[in-house]
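Below is a structure I'd like to ask you about.
What follows is calculated from the coordinates using simple rules that are stated; it is not laboratory data. Quick caveat: nothing in here was measured; it's all calculated off a predicted structure. Glycine also receives a Cβ, built like all others from the backbone with ideal geometry; neighbour counts cover every protein chain displayed.
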Amino acid sequence: MLHKLTIHELHEKIKNREITAKDIASDVFKRIEAADGKVKAYLSVTRDEALKQAENADKEIKAGSVKALTGIPIAIKDNICINGIKTTCASKMLENFIPPYDATVITRLKNNGYVLTGKTNMDEFAMGSSTENSAFGATRNPYDLERVPGGSSGGSAAAVSADECIAALGSDTGGSIRQPAALCGVVGMKPTYGRVSRYGLVAFASSLDQIGPITKDVTDCAIMMNTISGHDKCDSTSADVSLPDFTKALKKDVKGLKIGIPDEYFIEGIDPEIEKSVMDAVKLLESMGAKSELIKLPHTGYAIAAYYILATSEASSNLARYDGVKYGFRAKGKDLIDMYMETRAKGFGSEVKRRIMLGTYALSAGYYDAYYKKAQQVRTLIKRDFDEAFKKVDVIITPTSPTPAFKIGEKTADPLQMYLSDIFTISVNLAGVPAASIPSGFTKGNLPIGLQIIAKPFDEETIIRTAYAFEQSTDYHKKRPSI
Ligand code: GLN
């Protein structure tokens, strides 16, 4: 039953020589075999690689060097490059792409002794909120196999939730770590823009993308943040700022903490059980000495429109590189132009094509000022809303998603409905601030509810402190699906 444990629990056992890295790896792979036929969290399982890594870990343990992640099985979203391992972005376009290098986050995990369980399913090129846009089939929510796990890091969140790995990495451009974490009942953090290197992350919308951890509890989130954060000369957008030890923020202390509740987030359409869960969480934090007040984020209503112009514009530019020449899939064509067109027509799925077309339109001469430039201006206003709010409060608490996990197929026919599920997560990316989703309860139908905690740029520590205080006074994080 080692697969049920957290990073910190396994770490203790390894340190005390109670178990070996090989014991953990074989137990986790048994679990994957038993559960993944139903959940379908993985696109590829890297058992051979893992057993080699576990053997190495055991040698290190014998030699007396146990690092934070020595022997810990971790799953990686399939848009993060690992040398020699297929990285598909859940797209036909990259179905056979094997990167010749490691993303910086992978180098950091390797330096800390991790064991790779495999690459997880996602919406194609991270475009979506349900993992249904994968070219290789949908992932299922471990709490209800008829429902989505959220997206786009749905495979990573489902794998953590179903104990098919101990922790995972995801990427978050508009909520793709936090929303699936909420829908699967686990912890997910999108760090500040610039906190974690994106070198080796396949680009979707470069001004918004961040890599972050998905874990079983807040302590593991802090441990993963310690490993992956920090400046990287290979990513000029990674910030050269001092790095805290995030585990020092694991204090059950919120005395005097000022919580802001944005008026604009409690809108029509939000599930009443979710609203109640979030309000109850605030009350609990108040009973521990925090204070809450209503705040204003007045430009929230424009966030979805601005995001879906900026993200699609950047995607149309980033995805221009898939032309059948340099990477992956190539279709036959009667000449060069025809080959380009056939490759893109056959290699991309319909959501990716929709985004490329939207983005290309928004960037085209004559429309640039009306759409792209306007959206950039709105983005600045949204950022200022957060700057103003953080003059008064230390954290902002909101729901992560307006609804719990929805049924597979429920929103696929209507892209706008799907986009609306990002309403609470998108502003955070536009403003570049950090935020996490943590489990805050369950609906009557036993579906997980997530609570979002947002803080100032580079103040992930306050998120961790708030989240930890809440977590330690509840036991939602201890619950696992019965699958
Ligand atoms: N759901 C959002 C989108 O479809 C966010 C995706 C993400 O964060 N990668 O763009």
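Which of 65, 206, 313, 129 comes first, and how do the rest follow, when ranked by fewest Cβ neighbours within 10 Å? List each step's numbers first, then the result.
Details: 65 11, 206 14, 313 25, 129 28.
By the 10 Å Cβ count, ascending: 65, 206, 313, 129.
Over all pairs of distinct alpha carbons, what does the Kirkwood formula give as the hydrodynamic radius of the chain, in Å? Don't jump to the answer; show the numbers that get you there.
Details: mean 1/r = 0.0452 Å⁻¹.
Over the chain, the inverse of the mean reciprocal pair distance is 22.1 Å.
Starting at the first residue of the stretch 73-88, write each ³J(HN,Hα) from the Karplus equation 6.51 cos²θ - 1.76 cosθ + 1.60 with θ = phi - 60°, in whole Hz, x for Gly and Pro.
Those phi angles translate into x, 10, 9, 10, 4, 7, 10, 10, 6, 10, 3, x, 10, 3, 10, 9 Hz.
Which trypsin sites (Lys or Arg not before Pro) in the stretch 308-366 pass both tests, a DSSP loop state and at most 14 other beta-carbon atoms within 10 Å?
Working: sites: 321, 326, 330, 332, 334, 344, 346, 353, 354, 355; in loops: 326, 330, 332, 334.
Within the stretch 308-366, the qualifying trypsin sites (Lys or Arg not before Pro) (loop, at most 14 other Cβ atoms within 10 Å) are 326, 332, 334.
Using helices alone, what [θ] at 222 nm do you get for the chain, with -39,500 (n - 2.57) per DSSP H run of 4 or more residues, divided over all residues and rounded to the nearest 500?
Working: 15 runs with 180 residues, N = 483.
Value at 222 nm, helices only, nearest 500: -11500 deg cm²/dmol.
Quick one: which residues, 5 or more positions from residue 120 or on another chain, have an amide H under 5 Å from its amide H? H modelled 1.01 Å from N in the peptide plane, none for Pro or chain starts.
Residues meeting the amide H criterion: 43, 76, 77, 78.
Then there is this: Restricting to bridges with both residues inside the stretch 1-149, how much of the DSSP beta-bridge set is antiparallel, in percent to the nearest 5?
Details: 5 of 10 bridges.
In the stretch 1-149, approximately 50 percent of DSSP beta bridges are antiparallel ones.
May I ask for the longest run of the chain untouched by GluC sites (Glu not before Pro) that are loop-located per DSSP and have at most 13 neighbouring C-beta atoms (other than their own) within 10 Å?
The answer is 269-483.
Net charge near residue 121: determine it from the other residues with C-beta under 12 Å of the C-beta of residue 121, scoring Lys and Arg +1 and Asp and Glu -1. Can you show the working numbers first?
On the way: positive: 40, 77, 119, 140; negative: 36, 78, 123, 124, 132, 164.
After counting each charged neighbour, the total is -2.
So how far, in whole Å, is the C-alpha centre of the stretch 141-157 from the one of the stretch 316-374?
29
Let me ask another. Which ³J(HN,Hα) values in Hz, rounded to whole numbers, follow from the phi angles of the stretch 263-271 under the Karplus curve 6.51 cos²θ - 1.76 cosθ + 1.60, where θ = phi - 60° and Gly and Pro get x?
3, 5, 8, 9, 9, 4, x, 7, 4
So which chymotrypsin sites (Phe, Trp or Tyr not before Pro) in the stretch 101-192 are both in a DSSP loop and have at most 12 other Cβ atoms within 10 Å of their Cβ?
Details: sites: 101, 114, 125, 136, 143; in loops: 101, 114, 136, 143.
When the chymotrypsin sites (Phe, Trp or Tyr not before Pro) of the stretch 101-192 are filtered for loop state and at most 12 Cβ neighbours within 10 Å, nothing remains.
Where does the stretch 197-302 land on Rg(C-alpha)/(2.2 N^0.38 Å)?
Values: Rg = 17.8 Å, N = 106, 2.2 N^0.38 = 12.9 Å.
For the stretch 197-302, the normalised Cα radius of gyration is 1.37.
For the chain, what's the relative contact order in percent, using C-alpha pairs closer than 8 Å and at least 6 residues apart? Numbers along the way, then the final one.
Working: 1170 pairs, mean separation 84.6, N = 483.
Once divided by the residue count of the chain, the mean separation gives 18 percent.
Using the count of nearby Cβ atoms within 10 Å as a rough guide to exposure, how do 477, 231, 3 rank from fewest to most? Mind dumping the intermediate values first?
Values: 477 23, 231 15, 3 20.
With the sparsest Cβ surroundings first, the list reads 231, 3, 477.
Can you put 341, 225 in order of Cβ neighbours within 10 angstrom, beginning with the fewest? Provide the component values of the computation, followed by the final result.
Working: 341 14, 225 28.
Least crowded to most crowded, the residues run 341, 225.
Starting at the first residue of the stretch 34-45, write each ³J(HN,Hα) from the Karplus equation 6.51 cos²θ - 1.76 cosθ + 1.60 with θ = phi - 60°, in whole Hz, x for Gly and Pro.
6, 9, 6, x, 8, 7, 6, 7, 9, 8, 8, 10
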